[in-house]
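> Shown below is the structure under consideration.
The values are calculated or read from the model by the stated rules, or taken from the named source; none is laboratory data. Quantities reported herein were computed from a predicted structural model and do not represent experimental measurements. Here the Cβ is made from the backbone with ideal geometry for all residues, glycine too, and neighbour counts use every protein chain on show. Ligands, DNA and RNA are excluded from the accessible area calculation, which covers all protein heavy atoms including side chains. Shrake-Rupley method; radii C 1.70, N 1.55, O 1.52, S 1.80 Å.
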Amino acid sequence: MLWIKAVHVMFMVTWFAGLFYLPRLFVYHADCHDEAGNARFKVMERKLYAIMTMGAVVTIVFGLWLWLAYWWPSTAGWLMTKLVLMVLLIAYHLYCGHLVKVFRDDANRRSHVFYRWFNEFPALILIAVVILAIVKPF
Ligand code: HEM
């Protein structure tokens, strides 16, 4: 079980590296007005989204493995709350994928200020989920 948990946490770090950096790229891209910079951001966003999606898939597969192999059929409060937050985080991840396409098609109409606030969401989820997973407060 500890090896499964170790892989779970390692890929969670990979996933969050992308969840923190990709919206930051959106902040700079929304404020970019030169063609060379625009093209460079598109490549960086596409590649980063692919890497963070790999991190997400392995985190979720090993998380479900931990749940189904060692915690099923527990309905412990920390785990149920964590799963609800996971649905929100996966929705955020998929929306980032949509935004990568919006920027690819030069269709972004939002300002860098919007993306600065958008960038804060993963940090709140990380704080809540790590406390739930390690402290298990309820
Ligand atoms: C669908 C997604 C996920 C599921 C089903 C899941 C499920 C689990 C389960 C069942 C454990 C074992 C708990 C234990 O034995 O103590 C665990 C551990 C852990 N999870 Fe997740 N998890 C998911 C995503 C995440 C994410 C996104 C994070 C980070 C933000 C995370 C952070 C952790 C940490 C830090 C531990 C180790 C807890 C400890 O050893 O005390 N998990 N997860």
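> Of His98, His33, which has the most accessible area and how do the rest follow, probe 1.4 Å?
His33, His98
> Say R0 is 35 Å: what FRET efficiency, to the nearest 0.05, do Lys5 and Lys47 get from their beta-carbon distance?
My answer for the efficiency is 0.75.
> How large are Rg and Dmax for region 41-138 when calculated on the C-alpha trace, in angstrom?
According to the Cα coordinates of region 41-138, Rg and Dmax are 16.1, 47 Å.
> To the nearest 0.05, what FRET efficiency results for Trp65 and Ile131 with a Förster distance of 25 Å applied to their C-beta separation?
0.70
> To continue, here is another question. Which value at 222 nm does the chain reach when only helices count, each DSSP H run of 4 or more adding -39,500 (n - 2.57), with the total divided by all residues and rounded to the nearest 500 deg cm²/dmol?
After summing the helix terms and dividing by the residues of the chain, the value is -28000 deg cm²/dmol.
> Express the carbon and sulfur contribution to the solvent-accessible surface of region 2-135 as a percent, rounded to the nearest whole number, probe 1.4 angstrom.
Carbon with sulfur: 74 percent of the solvent-accessible area.
> Can you give me the accessible area per residue for region 39-85, using a 1.4 Å probe, in Å²?
That works out to 59 Å² for each residue.
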